[in-house]
Each structure stands twice: as C-alpha cells, then as structure tokens.
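To keep things clear, I will list the structure first and then write my remarks on it.
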C-alpha cells in the first residue's frame, strides 16, 4: 500500500460505535452527570489559578475581555463537538472524530496533542492546588520549607504538595467511573459555594480605581491573555471523552457540553470582574490569586474558607482531566496506535489502570519541577490545535457523509466551523514563540513514534478504509477473531 494511503486511511463510520459495544466501558452516566463533569473540569483552573497570572503578566484588568474572547472561541468549538459526539458516542473525543473524518495521521497528531493538553493541564492544576494548600496552612501557623514547596525555577528543589493530590486522584479514577463521578459532584458543590462567597465579599470591596489603566499591556494583551487562560475551558472536551460511558449519548452529550460551558463562562466573567476590582492587577501574579485578593483586603478568614473550596474545585478538575486523558490513551491503544497495555482494563474496576498511572507519573514530575506559566502555555497550544482540526472535521464529514444521522447539527455550516478554526488558530499565534518551539519538538517526537510503531500496528491496516473526499456508505466494523478454546 502506498505510504500516502496508509497514513490517511480512515476508520469506517460504524467502527467507533462497534468498539463501544464490544470492548467498552460501563454506561453509567446521564445528562446531569455530564454537566457536573463539565463543571468539574471547567470551573477551577481559570478562576482559581490562571486569572491572576493572565492579569498580572498579559492583560491587566482587560483579562475580563480575555475571558470573553476565550469563551467565544470555546463556545464555537463546543457546538462542533456537540455534533460529533452525538454522531460518534465513543471514547477518544477529538481523536476519534478526526480518525473518522480526516485520516489516521491527523488523528494521531490530534491524539498526541491531547496527551500533551491533559497531562500538562493536570500538572498546572496540581500546582495551583498546592498554592491554595499553603494559603490554608498559613493562618494555622504551619510554614513548610521553600526547598520542598517550590520548583527549581522559583528557588526550591521540588514541590512535594502536588504529588499528594495526584496520588489521591489516581486512586479515585482507577476505582471506577461511577465512584469518581460521585466524588466529583460533591467537590463541584463545594467550589460553587466558595465562588459564591468570594463574589459576595468581593463586591463589597470593589474599587473602580483598580481598573485604571484597564489595558496596561495594550489591546494585544487581551489576545495574549486569552491564549493563556484558554485551557481553563477544556472541560467540555473532557465530557466528550466519556461518550462510551453515557446511557443516552445522542441526547445527553450535547446537553452536557453546552450546559456546562454556559454556566462556567458566566461564573468566569463574574470572578474576573470582582477580582481585578478588589486589588491591583500586578499583585495577582500567584498560583492562588483569589485567596491572595481576600488576604490583601483584610479577610483572612474568608481566604481560608475559599481555599477549601478552591482546593475542592481544583481536585474536581484533576479528577476529570485524569479521567479524560486515560480514555484518550485507551482509544488510541485500542486502535493499535499505542501498545495494548494502555487499553487493558482492570478485571474488577473495568478502568484503564495503566493509562491512569502513566498520566499521574508524568503530571507529578511536571508539577513538581516547572513553573505554572510555562505549564499553562504548553497545555493551551495542544488544546487549540485539537479544536482547530475538529472544526475542519465537521466540514469534511458534511461533504463526504451528508446522509449520516446527526441528532445535533451545527448551524451555519461551513461558516461557523471555519470561524471556530480561525479563532483557535489566532489564539495559537498569540502564544509565546518558545511555546511554539516546544510544541514543534513534541510533534516531531510524535511523528517518530507514529512511523516507527503506530503505522505498522494500526487496526485500520486490517480493515476496509475509505479516502477523505469520497462519498461512501457506512462500512462494516473490523471483525475480531474468536478467542481460542481454553486448554484444560
């Protein structure tokens, strides 16, 4: 087979659905569970961690507009995801969609970028969690040595606190989908209460003078701030990765994605307005900006309470991020692009344990050794690249498979998906140059793995494929060989 045909072979339309039936995970989630999962992943990092970094380093009080811009870009991508998740309720999210629409090499790169996105994002969240833990310990008179609570970039040796929360999350995710979802619901309630307390107290200490100048870094700061905080919105992608575990995916997935994003965007804007009105933007360059603002305004008791809620919120983000990442590795392994161990399920819990462990180890190392702004930049470029390719995938599938059932349809195709593509690419362009160098190095590593392992082990090499641009009818799924009889 020619190399071009091999790398652009696609999965038959029916295969993602067949995989979910015969080698899948338990369907235990409903629409409310998905909204809670989305809120668990979306509400947390942007409010409790990156709002301060983006304001202090990039946008000033204009970070409010950065949240608006990021929210619009995320909303466009969410509509695209809603159509595809309803069509293909299978594990893997953007990776699975692009494999069906654009071909194997594009799917591999998207999956590889999603690995970067979730692993690095988990590291950023764990680092934020450690910052709030330190703020919570201060009023109690507990002061840990800097050597063990800061990265080498910040004058320490290693940050041990992120290791603690990552170990807890690893256990929760491996214990099972239903169990981890119940934990997620509890912590979502806690962090919503913390946000409500912060907004109530912050409004009473709002000073409009803190908004002058509103754009200290100029108009370009708005776009740079948006590119930094964008990965705070990736929760709806995490909802999509759970497609194989949803009872009624065609109805519940669009509801979960759009509902969670709408609620989260409103809360993000409210917190950004209050936070930048409470204190000067240059005082917010910390991994715990919300409690920092409360402490600076003489509310240490409130800072302690909000720290508990923030830690709960960041815990839920980690929970969903680990869940999503492990399902992406599971899907890529099941397709033969990664070794089989990543799709091996625990005999009792029926979860991809090795995938979860791999994510936890890498995230622990990153959060212990790197500063938060560097971690956030890496996560965003992986997220935005995935959103851009998925947007193109909707347009391609509308052309090559116009008659496929679409329970949810993106309006104004191809214009809205193309606008989503353009918005994602524009935010990528606004990321620092060094981030692009690191991203290109990651892509090169991914291509090396693909051409040395994945292309030869792909399941698509053993089944019928169709070429992008050709109209086809749904293809029969890959037929698995029966298990050989056991020997007595």
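The values are calculated or read from the model by the stated rules, or taken from the named source; none is laboratory data. The structure presented is a predicted model; accordingly, all values stated were derived computationally and were not measured. All Cβ positions, glycine included, derive from the backbone under ideal geometry; neighbour counts span all protein chains shown.
Data for the structure
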{"read-out": "Checking residue 182 against (1) modelled with pLDDT under 90; (2) surrounded by fewer than 23 Cβ atoms within 10 Å (Cβ to Cβ); (3) touching a helix residue (DSSP H, G or I) at 6+ places or on another chain (Cβ under 9 Å), the condition it does not meet", "value": "(3)"}
{"read-out": "Hits in the range 224-235 - residues which are at pLDDT 70 or above and either touching a strand residue (DSSP E or B) at 6+ places or on another chain (Cβ under 7 Å) or over 16 Å from residue 269 (Cβ atoms) (or both)", "value": "224, 227, 228"}
{"read-out": "Test: residue in the range 369-383 that is part of a helix (DSSP H, G or I) and at pLDDT 85 or above", "value": "no"}
{"read-out": "Residue within the range 458-480 that is within 22 Å of the chain's Cα centre (by Cα), over 16 Å from residue 102 (Cβ atoms), at pLDDT below 85 and not in a loop (DSSP other than H, G, I, E, B) present", "value": "no"}
{"read-out": "Condition broken by residue 14, with the remaining ones in (1) modelled with pLDDT under 75; (2) in contact with a helix residue (DSSP H, G or I) (Cβ under 6 Å, 6 or more places away or on another chain); (3) farther than 29 Å from residue 432 by Cα satisfied", "value": "(2)"}
{"read-out": "Close pairs from the range 420-434: first at positive phi, partner surrounded by 14 or more Cβ atoms within 10 Å (Cβ to Cβ) and not in a helix (DSSP H, G or I), Cβ under 6 Å, at least 6 apart", "value": "none"}
{"read-out": "Whichever residue in the range 87-102 is farther than 14 Å from residue 398 by Cβ and at pLDDT 75 or above and, among such residues, is surrounded by the fewest Cβ atoms within 10 Å (Cβ to Cβ)", "value": "98"}
{"read-out": "Residues within the range 342-364 that are more than 23 Å from the chain's Cα centre (by Cα) and in contact (Cβ under 8 Å) with a residue 12 or more places away in the chain, tallied", "value": "2"}
{"read-out": "Residue list for the range 129-144, filter: part of a loop (DSSP other than H, G, I, E, B) and either modelled with pLDDT under 75 or within 32 Å of the chain's Cα centre (by Cα) (or both)", "value": "144"}
{"read-out": "Matching residues, the range 397-411, being buried (at least 18 other Cβ atoms within 10 Å of the Cβ) and free of Cβ contacts under 8 Å to residues at least 24 places away in the same chain", "value": "398"}
{"read-out": "Residue count, the range 56-108 (criterion: over 15 Å from residue 385 (Cα atoms), within 21 Å of the chain's Cα centre (by Cα) and not in a helix (DSSP H, G or I))", "value": "5"}
{"read-out": "Test for residue 394: is it part of a loop (DSSP other than H, G, I, E, B) and closer than 17 Å to residue 257 by Cα", "value": "no"}
{"read-out": "Residue among 134, 76, 109 that is surrounded by fewer than 24 Cβ atoms within 10 Å (Cβ to Cβ), under 22 Å from residue 281 (Cα atoms) and touching a residue at least 12 places away in the same chain (Cβ under 8 Å)", "value": "134"}
{"read-out": "Residue 357 at pLDDT 80 or above and either under 13 Å from residue 124 (Cβ atoms) or crowded, with 22+ Cβ neighbours inside 10 Å (or both)", "value": "no"}
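For every residue, the table says whether it meets (1) modelled with pLDDT of 85 or more; (2) within 19 Å of residue 44 (Cβ to Cβ); (3) surrounded by fewer than 19 Cβ atoms within 10 Å (Cβ to Cβ).
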{"position": "256", "(1), (2), (3)": "no, yes, no"}
{"position": "265", "(1), (2), (3)": "yes, yes, no"}
{"position": "269", "(1), (2), (3)": "yes, yes, yes"}
{"position": "278", "(1), (2), (3)": "yes, no, no"}
{"position": "293", "(1), (2), (3)": "yes, yes, no"}
{"position": "303", "(1), (2), (3)": "yes, yes, no"}
{"position": "334", "(1), (2), (3)": "yes, no, no"}
{"position": "339", "(1), (2), (3)": "yes, no, yes"}
